[in-house]
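Data first, discussion second: the structure below is written as structure tokens.
The values are calculated or read from the model by the stated rules, or taken from the named source; none is laboratory data. Quick caveat: nothing in here was measured; it's all calculated off a predicted structure. We place every Cβ from the backbone using ideal geometry, glycine too, and count neighbours over all the protein chains shown.
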Amino acid sequence: MFFLQLSSVSLASVSSWQPPGGDPKIIKSLGAHHSELNVTLLKSTCYILLQSISDYTMDSRGDVGSLVREVGMKCLDSYIEFLVNNQYKELITSDMIEEVMTSIAQQAVEKIDRTRDVAGQVFAHLLHHESDCDDMIWNSANSTFHRFTKLLDFPEYRYRLILGLIVSVGGLTELTIRCSTSALSAYFLDHESDQLFIVEVLKIVEQILQSFRQEERIVIPLFKFLDFLLNDPIVNSTVDPNRSVCHCYIYSIV
């Protein structure tokens, strides 16, 4: 019952092509008194919601998957609140929270303003449960990219943040490109002396190239992202002069 209601809400949002609004309230309204809610079902719900954040379905209307991702993030926010308020705290593991937070952080640095707005609000709410960040405009590229890029300090966030930044740096919208490249360049400059970090970033980009080599959604912006890396003085000063960055990635795709 819980599953069916949640699924129908998400599908209805996509089919009507409307931004998600109060849909996640269904999770809160059910409450823990429903007999069908058990640990197994709740674990499955978390898995489904995490999968929804990876939905990049395209059709004649464009990126309809973005609506699924936005609903998924809002539902994850309500889902975690539900677990806390209804004595299911044992389901909130460090691995689960890491997956939730890193996935939302990725959406916060991708190219769609509306999706970044939802991601920023959900991320802030999960961190500051009792105090909303009302003064923050989360869909502002000038603010969001510089804030979330700082999370590269944490190794757990690096893969997903770089994956999201690839889409923005290699995108088509001028403001998004300018703000994302500015944030990443500033971060590289702040970590100029940390060659191990720069090398790790390059390795992560290589991993992404290998993992998504068949996905046009990633491959095309990734080549633009590589152009950004090749022209960044901090990156070029770090790599082995006998083996350029370009050669490393060519070997990854041949």
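In the set (1) in contact with a Cys (Cβ under 7 Å, 6 or more places away or on another chain); (2) surrounded by 14 or more Cβ atoms within 10 Å (Cβ to Cβ), the condition left unmet by Thr149 is number (1). When restricted to residues that are assigned to a helix (DSSP H, G or I), small (Gly, Ala, Ser) and either farther than 15 Å from Ser140 by Cα or touching a Gly at 6+ places or on another chain (Cβ under 8 Å) (or both), segment 181-197 contains 2.
Within segment 160-178, the set of residues being of a type outside the set (Gly, Ala, Ser), in contact (Cβ under 8 Å) with a residue 40 or more places away in the chain and part of a helix (DSSP H, G or I) comprises Arg160, Leu161, Ile162, Leu163, Leu165, Ile166, Val167, Val169, Thr176.
With respect to the conditions (1) at pLDDT below 90; (2) buried (at least 16 other Cβ atoms within 10 Å of the Cβ); (3) over 16 Å from the mean Cα position of the chain (by Cα); (4) not acidic (Asp, Glu), Gln195 lacks only one, and its number is (2).
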